[in-house]
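Q: Before we start, here is the structure in question, set down as structure tokens.
The values are calculated or read from the model by the stated rules, or taken from the named source; none is laboratory data. Quantities reported herein were computed from a predicted structural model and do not represent experimental measurements. Positions of Cβ are generated from backbone atoms using ideal geometry, with glycine treated the same way; all protein chains shown enter the neighbour counts. Remember, those area values only see protein heavy atoms, side chains included, never the ligands or the DNA or RNA. Shrake-Rupley method; radii C 1.70, N 1.55, O 1.52, S 1.80 Å.
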Amino acid sequence: MRTICILSLIAPLALPQTKDISGTWLAKRQTGHGEMELVHELKVNDGKITGTQKMPFGDSPIVDGKIEGDQFEFTVEMGSLGNLQKRVVTGKIVGDELHFVPAMPGPPPGAGAGGQGRPGGQGRPGGPGGGMFSNEPVVARRGAPTPSYRAPSVDYKSLPKVELPALKELPYNGLAKTPPMGWNSWNKFRTRIDDKTVRGIADAMVASGMKDAGYQYINIDDGWEWKRDEKGALQPNPNFPDMKALADYVHSKGLKLGIYSSPGPRTCGGYEGSYGHEEIDARTWAAWGIDYLKYDWCSASRIWKDDDMPAVYQRMGEALRKTGRPIVFSLCQYGRAKVQEWGPKVGGNLWRTTGDIRDQWESMARIGFSQNDLSPHARPGHWNDPDMLEIGNGRMSPVEYRTHFSLWAILAAPLIAGNDLRSMTPDAKEILTNKEVIAVNQDKLGKAGYRLAQNGETEVWARPLDKGDYAVALFNRGAADADVTVKWADLKLNGKPKARDLWTHADLGRLADGFTAKAPSHGVVMIRVSR
Ligand code: GLA
């Protein structure tokens, strides 16, 4: 009792002891990019902190810092050309760790359609990294970052300015008459992708029956890049010893090879981008035999404004045309700046309409069911892209994956599988190779579907098909099974059209008035209706 009393008298008088936090601190964060390392190199002198914050997009100076007891605070100058943003970071020393406090609440990671949750770039002010992160506290420990093939950081303030072309309309390149079908490495492998895996996926694409079902493109996403040679040509990193040989291999299977870059100096994963090297990169890819380019805004946000997007994308659109090789051009800028209006003009065959999808019902449903207003913009050669498929990645049920696939088919969305094709469950394979649903997606009329009716948590979507047919999907977004009804009158269909169930592969006969089915929670019943 006595001891406690004495201690409580002494404690408030004791001055907090300031610790030295000089050195390199490493925090690992889960972002839309998988694990990302955030590095702080700090120097403490007389209670003042200076140093550097390092992120994939570049280094930022740390200024005006101070430390008192176990509390610290500093300012990170996030330099963009003509756009200097300052972020105040505060935190606390807890044992051997630095606990950063996020300064401002923000949207959850990957939130919302319409480009809200895109990673990187000019995020909101906040804790370390600002918009890179969700609003969770960041914990850093002493340590050095893992070596990788990421490019060194960029000094955005002294980058030579790239000339943007005057806007014009590029003629259609004749590709992607139906939504592209294929596979992409990102959703499953993030930046841990290599030649051997890509070859294995190409083999599995054939062996699994996916090629027969119509899948064609094998697309390498971020993480293949390394550095430029003395002539400025971008080299793949040692995980891809010979891109031309890889393209030859993929072509020998009757498939096509796609690649990824950014109009900024760095990709979203922090690898070398195509800024100022658009023509030489397009020529390099054409020489390798590349058939598809996904071009991802990323660090371009540190250089240009959203209004510049058409000219920035046209610059690469023109560079691709100059190569003379047919290359599908996939725009990835998260649906910003009304891309659906100018995407086709700059040579785009498809354009992302949202932030990144996650393998999770809420993410998939939020994206998929928010695409209604965009459907008039889809047409042969030019498609809305609500992001790649998560089917088979394991965090949704087969019922939910069937909803995912049905919705993407109705939307005339690209069908780019994002799972490991070498080890598919029977369910994933059955969903991805459902030829009747794929026929809806690939219908040659090329009109995207739309929401026909909504009743609480059930939704009816319809897509007009060739020869006057309709695809109709009866969705149930609710937590309990529900009856969902489509009325032929809503489709202006008279008489008794024929209906066929595209998941049970059963003819339902000729039906008067309409069709009602019980859809499971988060599930779908999908039919094809013919006069
Ligand atoms: C962005 C894109 C993703 C993926 C990653 C790669 O987040 O939206 O689809 O390409 O970059 O870093």
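Q: Could you tell me which numbered condition GLN340 fails, if it satisfies all but one of (1) of a type in the set (S, T, N, Q); (2) within 16 Å of the ligand (Cβ to nearest atom); (3) touching a helix residue (DSSP H, G or I) at 6+ places or on another chain (Cβ under 8 Å)?
A: (2)
Q: Which members of the stretch 343-352 meet the condition of being touching a helix residue (DSSP H, G or I) at 6+ places or on another chain (Cβ under 9 Å), open to solvent by less than 10 Å² (accessible area, probe 1.4 Å) and more than 17 Å from ALA417 (Cα to Cα)?
A: GLY343, VAL346, GLY347, GLY348
Q: Then there's this: Hey, among LYS28, LYS19, which residue is basic (Lys, Arg), under 27 Å from VAL89 (Cβ atoms), more than 39 Å from the chain's Cα centre (by Cα) and at pLDDT 80 or above?
A: LYS19
Q: Which count do you get for residues in the stretch 190-209 that are part of a helix (DSSP H, G or I) and touching a residue at least 12 places away in the same chain (Cβ under 8 Å)?
A: The qualifying residues number 11.
Q: In the stretch 249-262, how many residues are more than 13 Å from the ligand (Cβ to nearest atom) and either small (Gly, Ala, Ser) or within 16 Å of TRP297 (Cβ to Cβ) (or both)?
A: Total satisfying the criteria: 2.
Q: Looking for something more than 30 Å from LEU474 (Cα to Cα), open to solvent by less than 10 Å² (accessible area, probe 1.4 Å), within 16 Å of the ligand (Cβ to nearest atom) and in a helix (DSSP H, G or I) - is there at least one such residue anywhere in the stretch 313-328?
A: Yes, that holds for at least one residue.
Q: Quick one: LEU175 ticks every box in (1) surrounded by fewer than 24 Cβ atoms within 10 Å (Cβ to Cβ); (2) outside any loop (DSSP other than H, G, I, E, B); (3) more than 16 Å from the ligand (Cβ to nearest atom); (4) among the hydrophobic types (A, V, I, L, M, F, W, C) except a single one, so which number is it?
A: Exception for LEU175: condition (2).
Q: Kindly indicate which of ALA462, ALA453, ALA448, ALA499 is over 23 Å from PRO376 (Cβ atoms) and either of a type in the set (A, V, I, L, M, F, W, C) or within 25 Å of the chain's Cα centre (by Cα) (or both).
A: That would be ALA499, the only listed residue that is over 23 Å from PRO376 (Cβ atoms) and either of a type in the set (A, V, I, L, M, F, W, C) or within 25 Å of the chain's Cα centre (by Cα) (or both).
Q: Of the residues that sit in the stretch 353-367 and are within 16 Å of the ligand (Cβ to nearest atom) and either aromatic (Phe, Trp, Tyr) or free of Cβ contacts under 8 Å to residues at least 60 places away in the same chain (or both), which one is nearest to PRO165 (Cα to Cα)?
A: MET364
Q: Which condition does TYR401 not pass, out of (1) more than 15 Å from the ligand (Cβ to nearest atom); (2) touching a strand residue (DSSP E or B) at 6+ places or on another chain (Cβ under 9 Å); (3) not in a loop (DSSP other than H, G, I, E, B), if it passes all the others?
A: Exception for TYR401: condition (2).
Q: Of the residues that sit in the stretch 329-341 and are touching a residue at least 40 places away in the same chain (Cβ under 8 Å) and open to solvent by 10 Å² or more (accessible area, probe 1.4 Å), which one is nearest to ASN184 (Cα to Cα)?
A: Looking at residues that are touching a residue at least 40 places away in the same chain (Cβ under 8 Å) and open to solvent by 10 Å² or more (accessible area, probe 1.4 Å), I get GLY335.
Q: Further, regarding this structure: Any chance the stretch 273-286 includes a residue that's touching a residue at least 24 places away in the same chain (Cβ under 8 Å) and within 15 Å of the ligand (Cβ to nearest atom)?
A: yes
Q: Can you pull out every residue in the stretch 178-232 that is more than 30 Å from VAL346 (Cβ to Cβ), open to solvent by 40 Å² or more (accessible area, probe 1.4 Å) and over 17 Å from the mean Cα position of the chain (by Cα)?
A: ASP194, LYS196, ARG199, ASP203, VAL206, ALA207, LYS211, ASP212, GLU230
Q: Is there a residue being among the acidic types (Asp, Glu) and within 27 Å of LEU415 (Cβ to Cβ) anywhere in the stretch 443-454?
A: Yes: one or more hits.
Q: Here is a list: ALA409, ALA413, ALA448. Which entry is in a helix (DSSP H, G or I), aliphatic (A, V, I, L, M), in contact (Cβ under 8 Å) with a residue 60 or more places away in the chain and closer than 25 Å to LYS338 by Cα?
A: ALA409
Q: Go through (1) at pLDDT below 95; (2) within 18 Å of TYR295 (Cβ to Cβ) one by one and return the number of the condition GLY223 breaks.
A: Of everything listed in (1) at pLDDT below 95; (2) within 18 Å of TYR295 (Cβ to Cβ), GLY223 misses just condition (1).
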